Amino acid sequence: MVDEVSELSSTTTAPTVLRRLSARDRWVAILEKYVAGRSRPANDRYWMPEFETAPRAEIEELQREKLVALLPYLYEHSAFYHAKLSAAKLRPADIKSLKDLVKIPITTKQDMGRSVAAHPPWGSYSPLSEADWRQRGWYVFTTSGTTAAPRPVRMTHLDRRAWSLTAARTNYAQGVRASDVALTCTTYNPHVFFWGTHLGMEVLGGKLIPGGVPTQRRALFIEMFKPTVLVATPSYTLHLAEAMREQGLDPRRSSVKKLLCAGEPASGIPATRRRIEETWDAELHDFYGCTELAQAGWAHTCAEGVKLDVVSDHLPEDLGIWETVDPDTMEPVPYGERGLTVLTSLASEGSPQLRFLVGDFTVIDHERCVCGRTLARARGGCVGRADDMLTVRGLNLFPSALEEIIRGFEELADEFQIVLERRGALDELIVIAETRVTGTEDSERLARLIAEEVHRQCELRPQVKLVDPGTLPKTEFKAHRVFDRRTA
Ligand SMILES: [Zn+2]
């Protein structure tokens, strides 16, 4: 399907030309328009106020325009989405408004995994041909996880430019400025959070120190180079702080003023947020997203919002359409009610997705934030993927709920594990936690208090085992805390 270029007047800065544009050209023109002229912040508060503070109706009209242009692009160039739309008896012209979005079936990680298995190595979801990839490709990110084959997510150089700007605007909203110096605690693996922050800092004009390995070296870098921003997983910030103390350094008196975190829920778990902020005497910021939709921008905190008791994450709605759905029926729930997140990406050439089930339980809030942004927010942050939810003795249990309780006990150190075993017909929940000091007096009493608190909040009585500091493996990247041995 091709359309007259005159329809493009609102989405391109190019002079009107009397030729017909392909679906691909139309979509690329939209992405090019986003990257044009936005390499500096508009003012001292907002990088892109035209989106970040836009009235709701304007945001929705922008989403509609982009969605209507995305459909033909995917229908013509992605065999995966062509088949998905055809199976639902849909053609691109059937999607005219945001209300029509629900007609499109939801896409899951499993759908994408099957596509990769049937069409290795890329799957058939990306609209890039082999020739496009050779000419325009930039990077392949792969999804993490140990059970499924990695799903490749390809990005083009245009995606890189757009993503860099989005990341810069996000860091800017979190209060990061060109004068800041960021230490990144990564080995530059395919984790999109670190790459996004790196790209954003480059656009922002900030300084970067790749921390390298091991942890002791990163601790030394903090002392030597005085970074103001630490980029790490939440668990790792605690591990690094401990390593500093072992070297006689005090993280609270360090140069670090902001902690940019992702990879695990952080500010959505109040006790974890308190523990991290108090450990560093610094402001904790969150990003929350997924590899498949990195260019659509991540849910993120803002500098003013993290001062509130309940922290919420902004959703960059000019770059994607967020929905929440019922976990059983997959039908949309009204805004303001809890559901699983579904995201349609409106910001990628190499990897746009339609109605992708990200799968965090979230409440979407449309109220203007204290920072003045009108973009919707995930109220209370994101506290866990539905995939992470455990069913124990018929009850649903999020590891984040246990984390909130464990972190609330000052006597406990930072490492803990949640173990599930089968005893006869019953599930056994075991919490193993490190104490701050060796041979804590009255440890039986402490274990009992923890068990009672878990029982009070989660209706499950765990067995609590307290172990000496240094017993459990240290978190070097993302924490691995849940060990479900019931089917072993
Ligand atoms: Zn805000």
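What follows draws every value from the coordinates through simple rules; no lab data is involved. All figures in this text were calculated on a predicted structure; none of them were measured in a lab. Note that we place each Cβ from the backbone using ideal geometry, even for glycine, and neighbour counts take in every protein chain shown.
For the residue pairs Lys84/Lys478; Lys66/Lys257; Lys33/Lys84; Lys109/Lys478; Lys258/Lys478; Lys66/Lys207, alpha carbon separations beyond 27 Å are given by Lys84/Lys478; Lys66/Lys257; Lys33/Lys84; Lys66/Lys207. With the largest listed first and rounded to whole Å, the semi-axes of the equivalent ellipsoid of the chain from the Cα gyration tensor are 40, 27, 20. Applying 0.36 nm per residue to the separation of Ala83 and Met330 and subtracting their alpha-carbon distance, the gain on full extension is 86.9 nm. The sum of -39500 (n - 2.57) across all DSSP H runs of n ≥ 4, divided by the residue count of the chain, sets its helix-only mean residue ellipticity at 222 nm to -10000 deg cm²/dmol. The eigenvalues of the Cα gyration tensor, multiplied by 5 and square-rooted, give the range 412-471 an equivalent ellipsoid with semi-axes of 21, 13, 9 Å from largest to smallest. Taking amide H as placed 1.01 Å from N in the peptide plane, Gln463 has its amide H under 5 Å from the amide H of Leu429, Ile430, Val431, each at least 5 places away in sequence or on another chain. Of the beta bridges in the chain, as assigned by DSSP with both residues counted there, near 60 percent are antiparallel.
Our coupling estimate for the range 104-116, obtained by passing each phi through the Karplus curve with A = 6.51, B = -1.76, C = 1.60 and θ = phi - 60°, is 7, x, 6, 9, 10, 4, 5, 4, 5, x, 5, 5, 5 Hz, Gly and Pro reported as x. Using Cα positions and a limit of under 21 Å, work out the lysines in reach of Lys474, with same-chain residues fewer than 8 apart set aside. Partners within reach: Lys465. Against the empirical 2.2 N^0.38 Å (N residues), the range 209-300 has a Cα radius of gyration ratio of 1.09. What you get for the range 89-139, charging only the Cβ of Lys and Arg (+1) and of Asp and Glu (-1), is a dipole of about 180 debye around the Cα centre. A Förster radius of 25 Å, combined with the Cβ-Cβ distance separating Lys474 from Glu421, puts the computed FRET efficiency at roughly 0.55.
Per the Cα gyration tensor, the range 89-192 maps to an equivalent ellipsoid with semi-axes of 30, 21, 16 Å, ordered largest to smallest.
Of the residues Tyr236, Leu62, Leu21, the one whose Cα sits farthest toward the positive end of the charge dipole of the chain, with +1 on the Cβ of Lys and Arg and -1 on the Cβ of Asp and Glu, is Leu21. Using +1 on the beta carbon of Lys and Arg, -1 on that of Asp and Glu, and nothing else charged, what's the dipole of the range 423-488 about the Cα centre, debye to 20? For the range 423-488, the charge dipole is close to 220 debye.
Across the chain, the relative contact order, built from alpha-carbon pairs under 8 Å that are at least six residues apart, equals 12 percent. For the pair Ala36 and Asp94, the difference between a 0.36 nm per residue extended length and the Cα-Cα distance amounts to 17.8 nm. Considering only beta bridges that DSSP places wholly inside the range 390-484, some 60 percent are antiparallel. Under the simplified labelling scheme, the Arg45-Val310 pair shows an inter-label distance of 2.4 nm, with each label point 7 Å from Cα along Cα→Cβ.
Placing dummy labels 7 Å off each Cα toward the beta-carbon, the span from Arg338 to Glu130 is 4.9 nm.
Taking the longest Cα principal axis of the chain as reference, the axis of helix 443-458 is set at about 30 degrees. Near Gly268, the amide H atoms lying under 5 Å from its own belong to Cys382; only residues 5 or more places off or on other chains count, and H is placed 1.01 Å from N.
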